[in-house]
């Protein structure tokens with residue numbers, strides 16, 4: 001069992017994922033990492049979410065940033081979206097993530113804020129502790 005599943009929508013998002021990994025390694029939190037596009041490979045994404053035993057998902061994506069919302073629509077576990085900067089300084093991705101419809105909650109951190117995503121995931125894992 002891993003604590004956190006980290007999913008990037010594209011290999012080009014790996015620099016942000018590395019920020020997540022640094023915090024998780026520092027805190028000795030287990031994680032799994034996959035690159036799966038919600039647009040280009042939806043079946044593989046479905047299979048991964050269903051098979052994953054992760055307690056929290058971190059979904060990293062730029063542009064239209066559908067990945068965090070798609071993950072949240074397929075699981076009842078917490079999902080943290082990390083918008084990636086791009087042509088519009090990441091605002092396109094940020095707005096895509098924070099505007100999820102009712103019933104599809106996604107927590108969102110700042111643009112390229114992989115560290116905060118990892119720290120929030122760690123706090124979620126420890127919910128209820130002092």
So, with points 7 Å from each Cα along the Cβ direction, the residue 53-residue 102 label distance in nm works out to 3.7 nm
Entry for Cα extents along the principal axes in Å (calculated from the structure that is shown) out of (i) 59, 33, 25; (ii) 38, 28, 28; (iii) 50, 34, 28: (ii)
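Full extension from residue 64 to residue 124: what is 0.36 nm times the residue separation minus their Cα-Cα distance, to one decimal in nm? Display every interim value, and only then the final one.
On the way: separation 60, 0.36 × 60 = 21.60 nm, distance 2.59 nm.
Contour length minus Cα-Cα distance gives 19.0 nm.
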Using only Cα atoms, locate the centre of region 6-32 and the centre of region 61-95, then give the distance between them in Å, rounded to an integer. 15 Å
With a 10 Å radius around each residue's Cβ, average the other Cβ atoms per peptide and rank 107-114, 120-127, highest first. 107-114, 120-127
Can you give me the relative contact order of the chain as a percent, contacts being Cα pairs under 8 Å and 6 or more apart? 27 percent
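Every number in this text was worked out from the coordinates using simple rules, so none of it is lab data. Just so it is clear, the structure is predicted and the values come from calculations on it, not from any experiment. Ideal geometry is used to build each Cβ from the backbone, glycine not excepted, and the neighbour counts take in all protein chains shown.
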